[in-house]
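Participant: I'd like to ask you about the structure that follows.
The values are calculated or read from the model by the stated rules, or taken from the named source; none is laboratory data. All of these numbers come straight from a predicted model, not from anything done at the bench. Positions of Cβ are generated from backbone atoms using ideal geometry, with glycine treated the same way; all protein chains shown enter the neighbour counts.
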Amino acid sequence: MKEKKVAYQGKPGAYSHMACIKAFPKCSPVSCDTFEEVFESTSQKKSDISFIPIENSQAGRVADIHNLLPKSRLMISGEYFHRINHSLLAIKGSSLEVIKTAESHLQALAQCRNFLNVNKIKPIVSADTAGSALEISKANDITRGAIASELAADIYNLDIIKSNIEDATHNTTRFLIMKEKLEYEGYEKNKDYITSFIFRVRNIPSALFKALGGFSSNKVNMLKIESYMLEGSFNATQFYADIEGHPDKDNVKLAFEELGFFSEEVRILGSYPASQFRKK
């Protein structure tokens, strides 16, 4: 069976790379510099799947993704939750006692603030986690460390000085699995579904309240809703939402009918089986 090519954003050893091979153990990972390149890779059939981080339990939503999702014609076909374990990495011969600085992405440094303070290690902001690991592997300086994944340690031949240095034990990132599909998956009674969609309400009083009323009256649970401006205008707002349920189920179908009546645009990005992680 041919290995699926899965595109992710970041250098080899990035947390997206690690999550990618956890979610698809037999895949062929495809590294991309930007999220735009990830989407393009699958759209142009250079990869089978786009693996996109959308939100983190500590840092919130991932910047730019909600602007890129509507522009992509890919469909969401699944979700994957990945626990983030930060490690302090350094070259061979280094130790916690001699490390003076730790380089990493701003969010990774913020998530390990207590560890860095206790050990009197100065945080140095860099573009990304795996890139930091690559840099210190080249620098050959025992006083420089990087906060990155254990996979990055393997790839760049670094020692893991200390594992699980994050301040919060719930640090988890949710990824979307996106494919080139014409429509969402059909409904099966024995499955729990998540449906993701975007919509833009009509410019009338109480439009948002009225548009969402159908979800309440039809007992559809809304998991999240987020707004973001369109084309820099304070008057044009688009919403992204996740709900429990499938568009082919009667109560969800009725809720979408009411949403459509008060909206200028409604577009379903995907309806897919809910991850087992949600039941934990």
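Participant: Condition (residue is touching a residue at least 24 places away in the same chain (Cβ under 8 Å), in a loop (DSSP other than H, G, I, E, B), surrounded by fewer than 19 Cβ atoms within 10 Å (Cβ to Cβ) and of a type in the set (A, V, I, L, M, F, W, C)) applied to the stretch 211-231: is it met by at least one residue?
Facilitator: No, the stretch 211-231 has no match at all.
Participant: Return only the number of the condition from (1) part of a loop (DSSP other than H, G, I, E, B); (2) within 16 Å of the chain's Cα centre (by Cα) that residue 167 does not satisfy.
Facilitator: So the condition that residue 167 fails would be (2).
Participant: Within the stretch 111-120, how many residues are under 27 Å from residue 63 (Cα atoms) and either assigned to a loop (DSSP other than H, G, I, E, B) or touching an Asp or Glu at 6+ places or on another chain (Cβ under 9 Å) (or both)?
Facilitator: 5
Participant: While we're on this one: What residue, among those in the stretch 181-210 that are exposed (fewer than 12 other Cβ atoms within 10 Å of the Cβ) and closer than 19 Å to residue 270 by Cα, is modelled with the lowest pLDDT?
Facilitator: 182
Participant: Which members of the stretch 147-164 meet the condition of being charged (D, E, K, R) and assigned to a strand (DSSP E or B)?
Facilitator: Within the stretch 147-164, 159, 162 meet the criteria.
Participant: Touching a residue at least 60 places away in the same chain (Cβ under 8 Å), acidic (Asp, Glu) and either assigned by TED's automatic domain parsing to the domain that holds residue 241 or touching a strand residue (DSSP E or B) at 6+ places or on another chain (Cβ under 9 Å) (or both) - does that describe any residue in the stretch 28-41?
Facilitator: Within the stretch 28-41 (the criterion being touching a residue at least 60 places away in the same chain (Cβ under 8 Å), acidic (Asp, Glu) and either assigned by TED's automatic domain parsing to the domain that holds residue 241 or touching a strand residue (DSSP E or B) at 6+ places or on another chain (Cβ under 9 Å) (or both)), the answer is no, since none of the residues qualifies.
Participant: Within the stretch 43-54, is even one residue in contact (Cβ under 8 Å) with a residue 24 or more places away in the chain, part of a helix (DSSP H, G or I) and in contact with a helix residue (DSSP H, G or I) (Cβ under 8 Å, 6 or more places away or on another chain)?
Facilitator: Among the residues of the stretch 43-54, not one is in contact (Cβ under 8 Å) with a residue 24 or more places away in the chain, part of a helix (DSSP H, G or I) and in contact with a helix residue (DSSP H, G or I) (Cβ under 8 Å, 6 or more places away or on another chain), which makes the answer no.
Participant: To continue, here is another question. Pick from the stretch 257-272 the residues that are under 26 Å from the mean Cα position of the chain (by Cα) and not acidic (Asp, Glu): which of them is nearest to residue 72 (Cα to Cα)?
Facilitator: Among those that are under 26 Å from the mean Cα position of the chain (by Cα) and not acidic (Asp, Glu), it is 269.
Participant: For the stretch 242-265, which positions are modelled with pLDDT of 95 or more and in a strand (DSSP E or B)?
Facilitator: Within the stretch 242-265, 242, 243, 244 meet the criteria.
Participant: For the stretch 92-108, enumerate the residues that are modelled with pLDDT of 95 or more and crowded, with 20+ Cβ neighbours inside 10 Å.
Facilitator: 94, 99, 102, 103, 104
Participant: Go through the stretch 2-19 and count every residue that is of a type in the set (Phe, Trp, Tyr) and either within 7 Å of residue 31 (Cα to Cα) or surrounded by fewer than 24 Cβ atoms within 10 Å (Cβ to Cβ) (or both).
Facilitator: Number satisfying all stated conditions: 1.
Participant: Moving on to the next point. In the stretch 29-42, how many are in a strand (DSSP E or B) and of a type in the set (Ser, Thr, Tyr)?
Facilitator: Residues in the stretch 29-42 being in a strand (DSSP E or B) and of a type in the set (Ser, Thr, Tyr): 1 in total.
Participant: When both residues are 6+ apart or on different chains and their Cβ atoms are under 6 Å apart, which pairs have a first residue that lies in the stretch 252-266 and is without any contact (Cβ under 8 Å) to a residue 60 or more places away in the chain and surrounded by 14 or more Cβ atoms within 10 Å (Cβ to Cβ), and a second that is assigned to a helix (DSSP H, G or I) and not acidic (Asp, Glu)?
Facilitator: Qualifying pairs under 6 Å: 255/214; 255/215; 258/214.
Participant: Check the stretch 187-195 and report whether any residue there is touching a strand residue (DSSP E or B) at 6+ places or on another chain (Cβ under 6 Å) and in a loop (DSSP other than H, G, I, E, B).
Facilitator: Among the residues of the stretch 187-195, at least one is touching a strand residue (DSSP E or B) at 6+ places or on another chain (Cβ under 6 Å) and in a loop (DSSP other than H, G, I, E, B), which makes the answer yes.
Participant: Could you give me the residue pairs with C-beta distances under 8 Å whose first residue belongs to the stretch 121-142 and is free of Cβ contacts under 8 Å to residues at least 60 places away in the same chain and in a helix (DSSP H, G or I), whose second residue is of a type in the set (Val, Ile, Thr) and surrounded by 15 or more Cβ atoms within 10 Å (Cβ to Cβ) wherever it lies, and which are 6+ apart or on separate chains?
Facilitator: Here the result reads 132/147; 136/91; 137/91; 139/91, each pair linking the stretch 121-142 to a residue that is of a type in the set (Val, Ile, Thr) and surrounded by 15 or more Cβ atoms within 10 Å (Cβ to Cβ).
Participant: Exactly one condition in (1) without any contact (Cβ under 8 Å) to a residue 40 or more places away in the chain; (2) more than 23 Å from residue 80 (Cβ to Cβ) is not met by residue 248; state its number.
Facilitator: Result: residue 248 fails condition (1) only.
Participant: Among the numbered criteria (1) within 20 Å of the chain's Cα centre (by Cα); (2) more than 24 Å from residue 63 (Cβ to Cβ); (3) assigned to a strand (DSSP E or B), which single criterion is violated by residue 239?
Facilitator: If we test residue 239 against (1) within 20 Å of the chain's Cα centre (by Cα); (2) more than 24 Å from residue 63 (Cβ to Cβ); (3) assigned to a strand (DSSP E or B), just (2) comes out false.
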